[in-house]
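Visitor: Mind looking over this structure? Questions follow.
FYI, it's all coordinate maths here, none of it is from the lab. No experiment lies behind these values; they were computed from the predicted model shown. When we count neighbours, we look across all protein chains shown, and the Cβ atoms used for this are built from the backbone with ideal geometry, even at glycine.
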Amino acid sequence: MDRSPAGISRRYARPDNNAIQSDNRAACSRRVQYKQSTVRQWDNPPRSTPGRHEFYHSSGACLPQHLRSRSVNPAQDFNNLIKQEIMTDLLRKSDRFGHRYDGRYHGQYASSIKKYTSAAKRPLNRAEQSQLIPQLQNFTASRGWNWRSLTTTFHSLTSAGVFVTHKPMDQSVKLTQATLLSTLFDAIIFQCNQKPQARDIDAQGVSNLFWAMAKLVDNGQEQTPEFNEVLAALLPHVNAQKDQFILQNIVNLLWAMTKLMINGSEQTPEFNDSVAELLPCVSAQKDQFIPQHISNLLWAMAKLRTKGRGRHRGSTRQWSCCCHM
């Protein structure tokens, strides 16, 4: 039985298609050609990101046609994802904006991979992963990416099965996975440790990142020192965002934290404290439970009690309150 939480929010991975297409058409229609290069004419003045010297325009990106529309042929959809011109275009855009680049186009590409696997109702298989990974050799995150781009990219690639460890695995594939994960980890740690706290860190992103970290462990990822450093950087934001979590966020967090705790995470004491903080939030929203929520909470409770971690101060009573409907 699949124990992963159902109904992960699509807020990051699936923006409003109508809005995107409308923005795409508007932006594309304003292109003019000048000496074999493309120049964009923008109607809106640039806006700046709080606390950073970055500027981006509100209009959406002009996505390649083969990423904007879905074919009825799954093989054709996948072949569109691994076209070299896609990565070439990503690198060109990243270079053009330089240190001001916020990672949005990389996030859109990662989302398109996840959409393919969602339509196929399965993660990438081994053959697909081995074809896609070489395209990601130059797909690297940076500290200049904003929170939304980071969370979208990491959650989408993990959900799609990009980081699944197959056995045996080609060493070049393993190296590319490790390099990409390392750049994502570094950027997430940097964002989480900003003082004062980065303004764009939100509850949905925190929940999605914890889910992705737990899924990595499910997929065979080793809990390296850098992996544990990401968890340590994320944990303070659970408490900071607890009043903003919707029920699905909380259920996903409890599932993810339990999964990480039973796999020997070094942050177990901190996880215990965070779980204790989240349980009253579950009780307050229990009238919104669906069967999947109850199933995931019962699984988490059973696993924690088996490990002897569900008996700290008041937790047994809180779990009981959560699960009595």
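Visitor: Run down the lysines and flag those whose C-alpha is under 20 Å from the C-alpha of LYS93, throwing out any fewer than 8 positions away in its chain.
Guide: Reachable lysines: LYS35, LYS83.
Visitor: With 16 Å as the cut-off, how large is the P(r) tail for the range 165-233, expressed as percent of Cα-Cα pairs? Walk me through the intermediate numbers first.
Guide: Values: 1227 of 2346 pairs.
More than 16 Å apart: 52 percent of the Cα pairs in the range 165-233.
Visitor: When the scattering of the range 104-219 is computed by the Debye formula from its Cα atoms alone, each counted once and equally, what is log10 I(q)/I(0) at q = 0.14, 0.16 Å⁻¹?
Guide: With one equal scatterer per Cα and no solvent, log10 I(q)/I(0) is -0.55, -0.72.
Visitor: Peptides 209-215, 181-187: what's the order by average Cβ count within 10 Å, highest mean first?
Guide: On the way: 209-215: 24.3, 181-187: 19.3.
Listed from highest to lowest mean packing, they are 209-215, 181-187.
Visitor: For the range 144-275, count all C-alpha to C-alpha pairs, find those more than 22 Å apart, and express that count as a whole percent of the total. Intermediate values should be presented prior to the final figure.
Guide: Details: 2742 of 8646 pairs.
So the portion of pairs separated by more than 22 Å is 32 percent.
Visitor: Bins of 5 Å, beginning at zero and ending with the bin holding the largest distance: percent of Cα pairs per bin for the range 67-146, please.
Guide: Pairs per bin, as whole percents: 3, 13, 26, 23, 17, 11, 6, 1.
Visitor: List, in the order given, every pair from LYS114/LYS174; LYS114/LYS215; LYS121/LYS242 whose Cα-Cα distance in the structure shown is over 22 Å. Intermediate values should be presented prior to the final figure.
Guide: Values: LYS114/LYS174 20 Å; LYS114/LYS215 14 Å; LYS121/LYS242 31 Å.
Beyond 22 Å between Cα atoms: LYS121/LYS242.
Visitor: Still on this structure: Would you mind putting 260-266, 151-157, 199-205 in packing order, based on average other-beta-carbon counts within 10 Å, highest first? Write out the running numbers ahead of the final one.
Guide: Numbers: 260-266: 16.6, 151-157: 27.6, 199-205: 19.1.
Most protected by this proxy first, the peptides run 151-157, 199-205, 260-266.
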